[in-house]
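Trainee: Pasting a structure below so you can have a look.
The values are calculated or read from the model by the stated rules, or taken from the named source; none is laboratory data. Being a predicted model, the structure only gives us computed values, none of them experimental. Because the Cβ atoms are built from the backbone with ideal geometry, glycine has one as well, and the counts that use them run over all protein chains shown. The area values use the complete protein model at the heavy-atom level, side chains included, leaving out ligands, DNA and RNA. Shrake-Rupley method; radii C 1.70, N 1.55, O 1.52, S 1.80 Å.
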Amino acid sequence: AMHRLWSDSPWLKYALARGCYWHRCEFCDTELEYVSGYVPARVEALASAASAAAARSGVYGIHFVDEAMPMASLLGFARLNRERAARGERPFHYWGNVRFDASWTAERCELLAASGLVAVSGGIEIATERGLAMTGKGFGLYELVRCLVGMRRAGLLAHSYLIYGFPGQSAAD
């Protein structure tokens, strides 16, 4: 389903931030300025630009191309998208990369789904407690499962990817 989402529809491309708000994963080159130099976008300006692009193109889907969408900015965009719908304007549907961290509560998943979020993609890397600690994800297996359950219950499509052969990874990992 995620491959169809990526391939079967045109998407407006925007970023809620430049860089990554976490920038501590062990497998990431956190010295790169585009990763470590985190600067959130002005969500109002982003929404205005997306509105103008949608009016020109007829495309109302947004792919947020962030390393990981920051929750504060995502909530701000969701609020603006709800306001857009309340004014009778066509709202956006959107998706992007995430960190499966504690900011993804069940309530936020429901709110974001109701505000146009349709899917997320994110790295689990190594789906064991030891593996998550080893990769520096900043969350454990319990938090990961809680997050994914909240997304599923809210009707969000969740895609994840894994690393095979990470240094120190065991055969069981």
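Trainee: If R₀ is 30 angstrom, what is the calculated FRET efficiency for the pair His159 and Arg87, using the beta carbon separation as r and rounding to 0.05?
Mentor: It comes to 0.40.
Trainee: If you don't mind, there's one more thing I want to ask. Which three semi-axes in whole Å describe the equivalent ellipsoid of region 59-115, each the square root of 5 times a Cα gyration tensor eigenvalue, listed largest first? Please list the in-between numbers first.
Mentor: On the way: eigenvalues 80, 37, 14 Å².
Over the Cα atoms of region 59-115, the ellipsoid semi-axes are 20, 14, 8 Å.
Trainee: So, one more: Could you give me the ³J(HN,Hα) list for region 47-55, computed from phi with Karplus coefficients 6.51, -1.76, 1.60 and θ = phi - 60°, whole Hz, x at Gly and Pro?
Mentor: 5, 5, 5, 5, 4, 5, 5, 5, 4
Trainee: How charged is the neighbourhood of Gly116? Take every other residue with its Cβ under 14 Å from the Cβ of Gly116, and add Lys/Arg as +1 and Asp/Glu as -1.
Mentor: +2
Trainee: After finding the eigenvalues of the alpha carbon gyration tensor for region 1-48, what semi-axes result from the square roots of 5 times each, listed largest first in whole Å?
Mentor: Semi-axis lengths for region 1-48 are 25, 19, 7 Å.
Trainee: Then there's this: Just from the alpha-carbon atoms, what are the Rg and Dmax of the chain in angstroms?
Mentor: For the chain, the Cα radius of gyration and maximum Cα-Cα distance read 16.6, 55 Å.
Trainee: Averaged per residue, what accessible surface does the chain expose to a 1.4 Å probe, in Å²?
Mentor: Working: 8810 Å² over 173 residues.
That works out to 51 Å² for each residue.
Trainee: Using DSSP to call loops (not H, G, I, E or B), can you name the GluC sites (Glu not before Pro) in region 7-105 whose Cβ has at most 12 other Cβ atoms within 10 angstrom?
Mentor: Glu31
Trainee: Can you pull the percent of the chain's accessible area that's carbon plus sulfur, 1.4 Å probe, other chains left in place?
Mentor: Carbon and sulfur together cover 56 percent of it.
Trainee: Work out which trypsin sites (Lys or Arg not before Pro) in the chain are exposed loop sites (DSSP not H, G, I, E or B, at most 16 other Cβ within 10 Å) and give the longest gap free of them.
Mentor: 88-173
Trainee: Mind listing the long-range amide H neighbours of Met69? Cut-off is under 5 Å, sequence gap 5 or more, other chains count too, H placed in the peptide plane at 1.01 Å from N.
Mentor: Asn97, Val98, Arg99
Trainee: On to the next question. If you add up the charges near Glu83, with Lys and Arg at +1 and Asp and Glu at -1, over every other residue whose beta carbon is less than 15 angstrom from its beta carbon, what do you get?
Mentor: Result for the local shell: +3.
Trainee: Let me ask something else about it. Taking θ as phi - 60°, what are the ³J(HN,Hα) couplings along region 64-72 by the Karplus curve (6.51, -1.76, 1.60), each to the nearest whole Hz, with x for Gly and Pro?
Mentor: Result, rounded to whole Hz: 7, 9, 4, 4, 7, 4, x, 4, 4.
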